[in-house]
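Read through the structure below, which is laid out as structure tokens, and then see the notes.
The values are calculated or read from the model by the stated rules, or taken from the named source; none is laboratory data. Predicted model, so just to flag it, every value in this text is computed and none were measured. Here the Cβ positions follow ideal geometry from the backbone for every residue, glycine too, while neighbour counts run over all protein chains shown. SASA here: full protein model, heavy atoms, side chains in, ligands and nucleic acids out. Shrake-Rupley method; radii C 1.70, N 1.55, O 1.52, S 1.80 Å.
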Amino acid sequence: CFAKMSILGLKKKQPKTFKVKVITMDAEMEFSCEVKWKGKDLFDLVCRTVGLRETWFFGLRYTVKDTYAWLKPEKRVLDQEVPKDSPITFHFLAKFFPEKVEEELVQEITQHLFFLQVKKQILDEEIFCSPEASVLLASYAVQAKYGDYDPNFHKPGFLAQDELLPKRVLMQYQMTADMWEEKITAWYAEHRGIARDEAEMEYLKIAQDLEMYGVSYFAITQNKRDTDLLLGVDAQGLHIYSPNSKLNPNKSFPWSGIRNISYSEKEFTIKPLDKKKDVFKFYSSQLRVNKLILQLCIGNHDLFMRRRKVDSIEVQQMKAQAKEEKARKKMERQILAREKQMREEAERAKEEMERRLFQLQDEARLANEALLRSEETADLLAEKAQIAEEEAKLLAHKAAEAEQERQRLEVTAMKTKEEKRLMEQKMREAEQLAVKLVEQSERRLKEADHLKQDLTEAKDAERRAKQKLLEITKTTYPLIAAYSTPPAPPAPPPEAADCAYEAASTRLDFKDSDMKRLSMEIERERLEYMEKSKHLQDQLKELKTEIESLKLEEQQQQAGLYNLRGEARGYVQEPVYIPHSNVRVISSQDLLLCVIINNISFTDDWLTVRM
């Protein structure tokens, strides 16, 4: 009994719901579903949540082992081969594709979901696309995402994070990401004014012309010899491809030409509507894949037949509503475009007015600055004019003073010339005097030499006389001692002896007085010559000092005249040249303990005195 109650309790506790995660092309959703729900219940819930009314194109796909399957609407969800995970994952995708997207896709959400799925298939290389078409499709994708191109906002590199081209295209050409972006941007700039839904529709219109658009491929064999082929199922019919070529089918069976499709376990049979044509058979090894092929064939054929019939009331209402919605959106876009244009024009006008205002402000500021500068310049010019007038008066006064100074200097120069002439005359007189003094000194020198020679001769004669007298004296006294017998001569009278002695003394005194007199005369003349020579040297020194003072005075007068002439500015005259003398004194040896002037020479520029 206890065991039965436990089993009943477990049954009551079993969950009546299960979790489902549905992944669309741009969102993920989670639902809590009842255990008894069928596939249609879950599909309708997803369509209501998304807001989709064109439900016949879509389905819920799930993964089974190494293939995929579509959720069947008539069976319960949990009764199908769905994954046992929690939550169960389904992908909400387009199961069937329209022949003409512009005519069959009514709702904007339907169009958007198709755009996202086809774009992903192209980027994943499930649909082959040429490089040129890839760039064009990428430009429409960028227009749908970013709107109109604005070079001020869309700077280089704004597409760096977006995946826009298949990897095969990127690897096919040796181009950098910046180069691809430049090509895409060039097309993108031409799509200005296209709305998002219009850009997505243009994308789908280009994509529907691609060979692999909307085709589901399956591996098949044509006979029991296992000749590998590919079966393609799309909105237009069935196509047989070679395994290495999915672009160009070897054989095609349009839906309009097929009478019946049937399969028995692994064998498929396609019966053409024309009974004269052969029945085409092929084989598929997996039963699950065979069911999927049959399911896709039935769905595409039903849509093919539906397109050729009159639209249902629901579809007509949807198209009418979509038409009205498009018209309304078009009008709103037009109004928005007009408002945007008006706003841009207003902003441009505002910017132009602001620019003009700034320009006028700058012009006014510059004009004020120019006015202030002109006023300052006028004041400065007036001040300069006043200063110039005062300077002119001062210069006139200085010119008058300079003229007076020039006249004074001319008079001074004339006086200087006269003084120079007098100095030259004095120099000539001094030269003549010096010549005379030189001649006289030479004559006196000769006389002194003669007197010295006479003095020397007199001294020599005196010495000889004294020597001779001594010799005579020495000879006389011995003879007197030897011959004492003869009588002595009579002594002369005292008066005579005295006379003789005086006579001898007179002769000697006469000689000494001459010598003294001569020496004194020579000494006197020597002193006179030295005084005259000293007096002449003093005169020469005074003359040299006067010449130097005259030279300095002349240079100062000349410099003052030049300065006055420079200050006078308009009163420049030829300079007055006042010649000047230059004194040069040359020393020589002293002769006879006195200074003797040898030569004095004078020219226009030099006074030379050799001592």
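Observations, loosely collected:
- Residue check, residue 294 in contact with a Lys or Arg (Cβ under 9 Å, 6 or more places away or on another chain) and modelled with pLDDT of 85 or more: no
- Set 415, 446, 393: member being free of Cβ contacts under 8 Å to residues at least 24 places away in the same chain and under 30 Å from residue 523 (Cα atoms): 446
- Residue count for the range 89-116, restricted to those that are at pLDDT 90 or above, β-branched (Val, Ile, Thr) and open to solvent by less than 40 Å² (accessible area, probe 1.4 Å): 2.
Listed here are the residues, each with its yes/no results for (1) of a type in the set (A, V, I, L, M); (2) within 30 Å of residue 231 (Cβ to Cβ).
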position	(1), (2)
281	no, yes
313	yes, no
329	no, no
347	no, no
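- Selection status of residue 189, over 30 Å from residue 323 (Cα atoms) and touching a residue at least 40 places away in the same chain (Cβ under 8 Å): no
- Matching residues, the range 113-128, being assigned to a helix (DSSP H, G or I), over 17 Å from residue 56 (Cβ atoms) and not β-branched (Val, Ile, Thr): 115, 116, 119, 120, 121, 123
- The range 225-245 residues that are over 26 Å from residue 273 (Cβ atoms) and at pLDDT below 90, paired with ones that are charged (D, E, K, R) and open to solvent by 60 Å² or more (accessible area, probe 1.4 Å) (beta carbon under 7 Å, 6 or more apart): 243/228
- The range 131-195 holds helices (runs of 4 or more DSSP H) entirely within its bounds, and those carrying 2 or more residues that are polar (S, T, N, Q), under 22 Å from residue 210 (Cα atoms) and open to solvent by less than 20 Å² (accessible area, probe 1.4 Å) map to 131-146.
- Enumeration of residues in the range 290-304 that are open to solvent by 80 Å² or more (accessible area, probe 1.4 Å) and either farther than 30 Å from residue 101 by Cβ or of a type in the set (A, V, I, L, M) (or both): 298
- Exclusive hit being surrounded by fewer than 18 Cβ atoms within 10 Å (Cβ to Cβ), among the aliphatic types (A, V, I, L, M) and touching a helix residue (DSSP H, G or I) at 6+ places or on another chain (Cβ under 7 Å), set 273, 287: 273
- Candidates 84, 72, 119, filtered to the one that is at pLDDT 90 or above, open to solvent by 40 Å² or more (accessible area, probe 1.4 Å) and more than 17 Å from residue 212 (Cβ to Cβ): 72
- First in the range 515-539 and under 14 Å from residue 447 (Cα atoms), second anywhere and of a type in the set (Gly, Ala, Ser) and in a helix (DSSP H, G or I), Cβ under 9 Å, 6 or more apart: 518/458; 522/448; 525/448; 526/448; 529/441
- Inside the range 369-402, residues that are within 30 Å of residue 546 (Cα to Cα) and open to solvent by 60 Å² or more (accessible area, probe 1.4 Å) make up a count of 1.
- A Cβ distance below 9 Å, combined with a sequence gap of six or more or placement on separate chains, defines the contacts here; from the range 131-160, residues that are on the phi < 0 side of the Ramachandran plot reach residues that are open to solvent by less than 20 Å² (accessible area, probe 1.4 Å) and of a type in the set (S, T, N, Q) in the pairs 149/143.
- If the condition is being under 60 Å from the mean Cα position of the chain (by Cα) and either of a type in the set (D, E, K, R) or over 30 Å from residue 306 (Cα atoms) (or both), then the range 20-68 contributes 26, 27, 28, 29.
- Condition met for residue 330 (charged (D, E, K, R), open to solvent by less than 100 Å² (accessible area, probe 1.4 Å) and either closer than 30 Å to residue 52 by Cβ or outside any helix (DSSP H, G or I) (or both)): no
- Selection of first residues in the range 246-267 that are of a type in the set (A, V, I, L, M) and of second residues that are part of a helix (DSSP H, G or I), restricted to Cβ pairs under 6 Å at least 6 apart or on distinct chains, gives the following pairs, ordered by first then second residue: 261/297.
- Residues satisfying the stated conditions in the range 236-262, i.e. open to solvent by less than 70 Å² (accessible area, probe 1.4 Å), among the hydroxyl-bearing types (Ser, Thr, Tyr) and either within 21 Å of residue 299 (Cα to Cα) or part of a strand (DSSP E or B) (or both): 241, 252, 262
- Residue in the range 28-47 that is touching a helix residue (DSSP H, G or I) at 6+ places or on another chain (Cβ under 8 Å), in a helix (DSSP H, G or I), at pLDDT 90 or above and aliphatic (A, V, I, L, M) present: no
- Flag for residue 82 being hydrophobic (A, V, I, L, M, F, W, C), assigned to a loop (DSSP other than H, G, I, E, B) and over 60 Å from the mean Cα position of the chain (by Cα): yes
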